[in-house]
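No lab work stands behind these numbers, since they all come straight from the coordinates. Note that the structure is predicted; figures quoted are calculated from it, not measured. Note: ideal-geometry Cβ built from the backbone for every residue, glycine included; neighbour counts use all protein chains shown.
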Amino acid sequence: MLELSASETIVFSLIVLADAAAAVLCALQLLKRPGRYGALLMPLVLAAVLLDAALLTLRGVSIQAVPLTGLFDSLVLLALVFGVLYLLLRLAVDQVWFGAVMVWVILGIVLMAALVAEPASTPHEVAGTPWAVAHASAMILAAASVLFAAANSALYLLGSYRLKHKGIMQVLGRMPSMETLGRMNGLGVRIGFVLLTLGVISGLGLASLVGPGVARWLADGKVVCIIGAWGLLGAALILDSLRLLKVKTRAYMTIAAFGLILLAIIGVTVAGVTQHEFSRALTVGDCEFCATGQRAPIGNLTT
Amino acid sequence: MSIVVLGLNHKSAPVNIRERLAFSTSDVTAALRRLKEMEHKAEFVLLSTCNRVELYYAGEQKSGQIAGRLVAFLSGFHNIEPEQFKPCLYFHEDEEAVRHLLMVSAGLDSMVVGEAQILGQVKESYKLACAAKSTGKILNRLFHSAFFTAKSVHTSTAVSNGRVSVAGVAVELALQLFADITRAKVVVIGAGDTGELVVRHLRKAGCTDVTVVNRSHERAADLAKRLWITVGRWEELSERIGQADIVISSVAAQEYLYTRESFEQAVQRRKTGSLLIIDVGVPRNFDPAINKIADVYLYSMDELKEVAEQNLKAREEDMAGGLEIVYAQAGEFMDWFHAKDIGPLIGRMQEEFQQIGRRELERFLVGPRQDASCRMQLEETVNRVVNKLLHCVIKNVDAVAKETGPTEAAKLVDAILQRAREISCEAKHDEDMHV
């Protein structure tokens, strides 16, 4: 976070504050009285969404391009998409547990973004191609869908556990019905799978047309994780259509798929076992779409 | 001006008295008309439910007078001696009466704390009173304040949270499991009373596909006829359970109707979807180990009862929060109630002051001064002085209203008005003596 410019640091700090305040309110709602703090939640999440948009705009202006080249920007966008999703769903599902999980997930994304915060960098030429645009859009929306499905899975498993163990008081009126949670999980899985398929296809196209070739692209750590998640979701959908899968098992599979996506977004990048970058933080030759696969030393960045 | 309530409820009167004093809808209208005939300018609302009969009055009569008249009215209308019900009556006036209505509307005075049905009944009574044109400025405002208070209490406290009956909790559980309860397939095993009560609640919640299965087909058919549900054969029970979403069991049997093994066999064809089993049989009809089967949620009578008791306890614990809202709203209403009289009081005070001014002027303009050419200027001067002094007084009344509330301000204006009247009377008396 210290690497961000002063204005970006201020806006990002406000985002963290708004999301943290919302998360605390959710916890208070669960511990004390449902409904008492509810009125403050919507404005806080709305403020965070607007600040997310402002931050991305600031970064876009600073590089004079769409700022979706780095992990930090992708996470901020993911928080924004999830925030909008929360605001839309809040109109239909006004349950404290549901809101709480959504808000905590948003805070989690924002805190992850804080870990990988870096200054905006100009996009690589490749990032402007239709393949890359399609790939990035599909992957970000897919991540949001799977995140949504995973949040519903977590709620489903929590509700199921509580109801099985007679903890009715912690569930009744605090979360949507188990059937609704199952349906929302299914919807998230279906949309996530379709978008991931689009993302993988566009990624393959990108790799074969302007990149290092399909084989090398498929061997990248990040891509392996994404393909794993895609496979899990696909298997869940097939088994589900054959009525061979219980909602509980699908919930576990969704969470596992989300874990893989998280690993692809954060883990693999932080561990440095990927060359899946669209920014100019690497030399042209270093990026996965080019030949060498070596990271450039800091201070020797070429444009 | 006073607001009073006279009535009786489940706490103060036994059911035989309550039912004798109860009013049907048509009785309410007739009673309100008779009350209006009794006192044209007064306002009345009559609330009559199975647990209470209350008469709300707002008018000029003092509380002592009106209480007797209302008792006589109840006695006359129902043809029952006052001595028979008088000890069961309660009587509240002004702020107490306001608080009482607010508490009643919010369900804080109900047999089951926080129940929302009473609010509908209060609204209905108010509607009837409006239709009978027996309400006015005061009761209109009071009842709207009561509706607002009830809404605040229900939304900002837990007094109306959770069901407080076994059947209610069972329905809530079903709603927590199924997105659309109207589509749920319900199988009722046995024709016991508690089972019937749960079915009634489920039917009320919208369940339409309900089948009753009993060893005695006649009893099942009888229940089905009463509840408008279908009857199944005892031999089909396992098959029906395999397809059901909700099972309610209230069979009187010494052994389990289903052990885990026999139940697993019954549901082996079942692929997806949750199954809720409400076992209200004593002893239990389902082996508790069945709860361990995936997607099966088994609840016994005791478990549901425990939830109902917890809900009731939570409601009672949150009563203080509800009372806080009631007291605040009652205070606000009383401020308005007292403030509404300040305007006319100030008008009267102005008249009294001008009267004093005119009298003093008349006393001055006697004898040789009677034809004074400057009479008009003198009158204007006196008026200006009176208005300036009055302005000072009004400013002070304003300050008192801001500092201590409209009630105190109204008292101050009333005291000044009394004093002005006394001065006016003294002046008149002096004048008469002089003449």
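The orientation-averaged projection of the convex hull spanning the C-alpha atoms of chain B amounts to 30.7 square nanometres. For the peptide A:168-179, the mean number of other protein chain Cβ atoms found within 10 angstrom of a residue's Cβ is 6.
Computed from Cα atoms, the angle from the helix B:166-177 axis to the main principal axis of chain B rounds to 80 degrees. Computed over the alpha-carbon pairs of the range B:300-386, the distance histogram in 10 Å steps reads 13, 19, 14, 12, 11, 9, 8, 7, 5, 2, 0 percent, short to long.
Relative to the longest principal axis of the Cα atoms of chain B, helix B:342-364 runs at roughly 10 degrees. In the elastic network of chain B, a GNM with C-alpha springs shorter than 10 Å, the most mobile of B:Ser165, B:Ser75, B:Ser373 is B:Ser373. At full extension, B:Glu19 and B:Gln268 could sit 84.2 nm farther apart than now, given 0.36 nm per residue minus the alpha carbon distance. Pairs of Cα atoms nearer than 8 Å and 6+ residues apart set the relative contact order; for chain B it is 13 percent. Two numbers describe the Cα atoms of the range B:152-238: Rg and Dmax, which are 15.0, 53 Å. Modelled this way, with points 7 Å down the Cα-to-C-beta line, the labels at A:Thr57 and B:Val366 are 8.4 nm from one another.
Given a cut-off of 14 Å, what percent of all Cα-Cα pairs of the range B:17-77 lie beyond it? I get 54 percent for the Cα pairs in the range B:17-77 exceeding 14 Å.
With the biggest extent put first, the Cα atoms of the range B:52-181 measure 57, 34, 26 Å across the principal axes.
Applying 0.36 nm per residue to the separation of B:Ala328 and B:Phe147 and subtracting their alpha-carbon distance, the gain on full extension is 63.7 nm. Compared with the rule-of-thumb size 2.2 N^0.38 Å for a compact globular protein, the range B:109-152 has a Cα radius of gyration ratio of 1.21. Tilt of helix B:25-38 relative to the longest C-alpha principal axis of chain B, in degrees (0 to 90, nearest 10)? Helix B:25-38 and the main axis of chain B meet at about 10 degrees.
Within 10 Å of each Cβ in A:238-248, how many Cβ atoms from other chains are there, averaged over the peptide?
Per residue, the average neighbour count from other chains is 2.
Of the residues B:Val153, B:Val386, B:Val231, the one that moves most in a GNM of chain B with alpha-carbon contacts below 10 Å is B:Val386. In chain B, the DSSP beta bridges split such that about 45 percent are antiparallel, to the nearest 5. Computed from the C-alpha gyration tensor, the three semi-axes of the ellipsoid equivalent to the protein assembly as shown are 68, 46, 16 Å, from longest to shortest.
The ratio of the alpha-carbon radius of gyration of the range B:195-274 to the globular-protein estimate 2.2 N^0.38 Å is 1.12. Would you please give the FRET efficiency between B:Asp180 and B:Glu81, computed as 1/(1 + (r/R0)^6) with r the Cβ-Cβ distance and R0 = 45 Å, to the nearest 0.05? Working from the Cβ atoms, E equals 0.20. Rounded to whole Å, give me the distance from the Cα center of the range B:290-366 to that of the range B:195-270. Taking the Cα centre of the range B:195-270 as reference, the centre of the range B:290-366 is 48 Å away. If you look at the Cα atoms of the range B:256-328, you get an Rg and a Dmax of 18.7, 61 Å. Largest GNM mean-square fluctuation among B:Asp109, B:Asp209, B:Asp279, using chain B with Cα springs under 10 Å: B:Asp209. Net length available on complete extension from B:Thr230 to B:Glu124 is 34.6 nm, with 0.36 nm assigned per residue and the Cα-Cα distance removed.
Between rounded, prolate and oblate, where does the range B:238-390 land on the alpha carbon gyration tensor, with a ≥ b ≥ c its root eigenvalues, rounded for a/c under 1.5, else prolate if a/b exceeds b/c? Verdict is prolate for the range B:238-390. The relative contact order of the range B:1-133 comes to 34 percent, based on Cα pairs under 8 Å that sit 6 or more residues apart.
On the principal axes of its alpha-carbon atoms, the range B:322-435 has extents of 73, 28, 17 Å, going from largest to smallest.
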